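**Q** Structure in structure tokens, see below.
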Amino acid sequence: MPNTQSSFASIGDAELCSEAFAKQQDEKDELSKLRKEFLIPTKGDLRNKKFGFQQKIAQDESSSAAEDDHEESIYFCGNSLGLQPRRTKEYVNRYLDTWASKGVFGHFTDYEGGLPPWLHIDEAIKQQTAKIMGALPCEVVIMETLTANLHLLMSSFYRPTKDRWKIIIEGKAFPSDHYAALSQIAHHNLDPSALITIDPPSASAPYLSNEHILSVISQHAATTALVLLPGIQFYSGQFFDIELITRHCQSLGITVGWDLAHAVGNVPVKLHDWNVDFAAWCNYKYMNGGPGVIGGAFVHERHCTVEEAPSSDAPQQDNNTKLIYRPRLSGWWGSDKSSRFRMDNTFVPIPGASGFQLSNPSALDMTSVMASLDVFSLTTMDALRQRSLCLTGYLEARLFRYEGGEPPYSIITPANPAERGAQLSVLLKPGLLDNVLDYLEEKGVVVDERKPDVLRVAPAPLYNSFHDVHRFIVVFHEACRRAMAAPMENAKHSEGVPDAIAAT
């Protein structure tokens, strides 16, 4: 793994901070070509209050238009919602045409030039999903949404006993993960104290070392049934050591699951090789599937077997069918395809993660995810990771080169490139966030904030560029300088200092 810190640290300020340097990096990076696969909103698009993409400004309205309306925006918010691939509209139109012209036959018939039949569309995207997740195709399934999948998986993997009943989560995990874990505990009529959180040793820093994480897990190991952690922490951007933590948990007899919302499509993972029990993710952040689109789940193959019971003592299903498989909340789309439409009320789960499905998935959602997966198929996660390390390293180096003294911010994401993905979380000095955000928005910059003082800046390697980073830094540093001056001016006016004196 390249040391991106040292590679940029050796470059002088004048060269590193020049627009020419950024453009040069893009020109020699062959993955820069992937940017053309996406629709990048213009600054005018973001400012325009009317519906539509790339609005054309009429000549007679040119006087009211900003000079930079036709410039591409600086979109560093793929950690919240990815941009739309160009092929998404084409794929969705194929879906709509099939529905319009074929009706219900679209479920079963493979039409020339069309998409896979809706009945099999989940199978059609398994191969590429498996590559991104480092899994076997049978171990992944596109279904439901993130928190729904966490609930479905916990209903199967969280099996509290009188000896082991606790769930361990990260203290600053996304609220939905907290809610899900607490509601699972309540579902089993257990006290909320069954939820154990891993909190940072220092209240002033969000960093969680491997040693600290493992020590908390070890402390509660004898009474813990499940550990549920994020692959990448949404607030700080810290990338946890999934392999190490999984191995530690399992050595103590603890089941471990992962929320990969901020990791999928961002960093390479090897869920099968790392022996992860289960994982869930969304497909609308780095996966660019669209807002609220269908999510995904992973279940290791060792948990997915479906076998005939060896004796009459085995669990008995309806109609006297005796099968052994992992208990789960079941639905008809998780039942074997050959018997799915018999309507005989005998649940025979599909071996693999597909056996955890409930209802038939939205074909529209699956089509949108397929469009993005086809963009991912143009490269590999390892290649994207190398590009991401360089982009994020360049962003970090530029953030450190602040003109005018000490920067009014710090980076709370780990400095070690191996412990972060595409996101850098920038902690501003108190009181600056709103003013900084207002200026960024005015200049067509899209980032994500977490109150009270954090900007989450995420250059996505599929479509962001070094030139994007350069343009962002120019605007962001100006925003910081203006925000730093604004409280001073406000204070002077609040004290009744005349404008002429204040201006001096």
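**Q** Could you say whether any residue in the stretch 354-372 is surrounded by fewer than 23 Cβ atoms within 10 Å (Cβ to Cβ) and of a type in the set (V, I, T)?
**A** Within the stretch 354-372, none of the residues are surrounded by fewer than 23 Cβ atoms within 10 Å (Cβ to Cβ) and of a type in the set (V, I, T).
Conditions (1) surrounded by fewer than 19 Cβ atoms within 10 Å (Cβ to Cβ); (2) touching an Asp or Glu at 6+ places or on another chain (Cβ under 6 Å); (3) closer than 19 Å to I412 by Cβ, marked per residue:
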site: V436; (1), (2), (3): no, no, yes
site: G444; (1), (2), (3): no, no, no
site: V447; (1), (2), (3): no, no, yes
site: A458; (1), (2), (3): no, no, yes
site: L462; (1), (2), (3): no, no, no
site: F466; (1), (2), (3): no, yes, no
site: F476; (1), (2), (3): no, no, yes
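**Q** Taking A280, is it out of contact with any Lys or Arg (no Cβ under 9 Å at 6 or more places or on another chain), buried (at least 16 other Cβ atoms within 10 Å of the Cβ) and under 30 Å from Q84 (Cα atoms)? Don't jump to the end; show me each part of the working.
**A** Numbers: out of contact with any Lys or Arg (no Cβ under 9 Å at 6 or more places or on another chain): yes; buried (at least 16 other Cβ atoms within 10 Å of the Cβ): yes; under 30 Å from Q84 (Cα atoms): yes.
Criteria met by A280.
**Q** List pairs: first residue in the stretch 162-185 and over 17 Å from P206 (Cα atoms), second residue in a loop (DSSP other than H, G, I, E, B) and open to solvent by 30 Å² or more (accessible area, probe 1.4 Å) anywhere in the structure, Cβ distance under 7 angstrom, at least six positions apart or on different chains.
**A** What qualifies is W165/L190; K166/H220; I168/H220.
For (1) modelled with pLDDT of 95 or more; (2) surrounded by 18 or more Cβ atoms within 10 Å (Cβ to Cβ); (3) part of a helix (DSSP H, G or I); (4) touching a strand residue (DSSP E or B) at 6+ places or on another chain (Cβ under 7 Å), each residue gets a yes or a no:
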| residue | (1), (2), (3), (4) |
| --- | --- |
| H120 | no, no, yes, no |
| K131 | yes, no, yes, no |
| T147 | yes, yes, yes, no |
| L182 | yes, no, yes, yes |
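**Q** Right, next: Taking L271 and the conditions (1) part of a loop (DSSP other than H, G, I, E, B); (2) open to solvent by 10 Å² or more (accessible area, probe 1.4 Å), which numbered condition does it fall short on, given that it satisfies the others?
**A** With (1) part of a loop (DSSP other than H, G, I, E, B); (2) open to solvent by 10 Å² or more (accessible area, probe 1.4 Å) applied to L271, the lone miss is (2).
**Q** List every residue pair whose Cβ atoms sit under 6 Å apart, with the two residues 6 or more apart in sequence or on different chains, where the first one lies in the stretch 10-35 and is under 20 Å from L399 (Cβ atoms) and the second, anywhere, is open to solvent by less than 90 Å² (accessible area, probe 1.4 Å) and small (G, A, S).
**A** Every condition considered, the pairs that remain are D26/S32; D26/S465.
Okay, residues lined up against (1) assigned to a helix (DSSP H, G or I); (2) surrounded by fewer than 12 Cβ atoms within 10 Å (Cβ to Cβ); (3) modelled with pLDDT of 90 or more:
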position	(1), (2), (3)
F8	yes, no, no
K33	yes, yes, yes
A66	no, no, no
H70	no, no, yes
S80	no, no, yes
Y95	yes, no, yes
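**Q** Kindly indicate the residue of the stretch 198-227 that is assigned to a loop (DSSP other than H, G, I, E, B) and in contact (Cβ under 8 Å) with a residue 60 or more places away in the chain and also surrounded by the fewest Cβ atoms within 10 Å (Cβ to Cβ) among those meeting that condition. Can you show your working first?
**A** Residues of the stretch 198-227 assigned to a loop (DSSP other than H, G, I, E, B): 199-209, 220.
Still in the list and also in contact (Cβ under 8 Å) with a residue 60 or more places away in the chain: 205-207.
Working: A205: 12, P206: 22, Y207: 16.
Looking at residues that are assigned to a loop (DSSP other than H, G, I, E, B) and in contact (Cβ under 8 Å) with a residue 60 or more places away in the chain, I get A205.
**Q** Quick one: in the stretch 98-118, of everything that is buried (at least 19 other Cβ atoms within 10 Å of the Cβ) and part of a helix (DSSP H, G or I), which residue is nearest to the chain's Cα centre (by Cα)?
**A** W118
**Q** Could you tell me whether any residue of the stretch 380-388 is part of a helix (DSSP H, G or I), charged (D, E, K, R) and surrounded by fewer than 20 Cβ atoms within 10 Å (Cβ to Cβ)? Break it down into steps so the answer makes sense when it comes.
**A** Initial filter on the stretch 380-388 (part of a helix (DSSP H, G or I)): 381-388.
In the following step, the residues that additionally are charged (D, E, K, R) were identified as 382, 385, 387.
Pick out the ones that are also surrounded by fewer than 20 Cβ atoms within 10 Å (Cβ to Cβ) and you get 382, 385.
Checking the stretch 380-388: at least one residue is part of a helix (DSSP H, G or I), charged (D, E, K, R) and surrounded by fewer than 20 Cβ atoms within 10 Å (Cβ to Cβ).
The values are calculated or read from the model by the stated rules, or taken from the named source; none is laboratory data. Everything quoted here is computed from the prediction, not taken from an experiment. Every residue, glycine among them, receives a Cβ derived from its backbone with ideal geometry; neighbour counts consider all protein chains shown. Side chains are part of the model used for accessible areas, which takes the heavy atoms of the whole protein and leaves out ligands, DNA and RNA. Shrake-Rupley method; radii C 1.70, N 1.55, O 1.52, S 1.80 Å.
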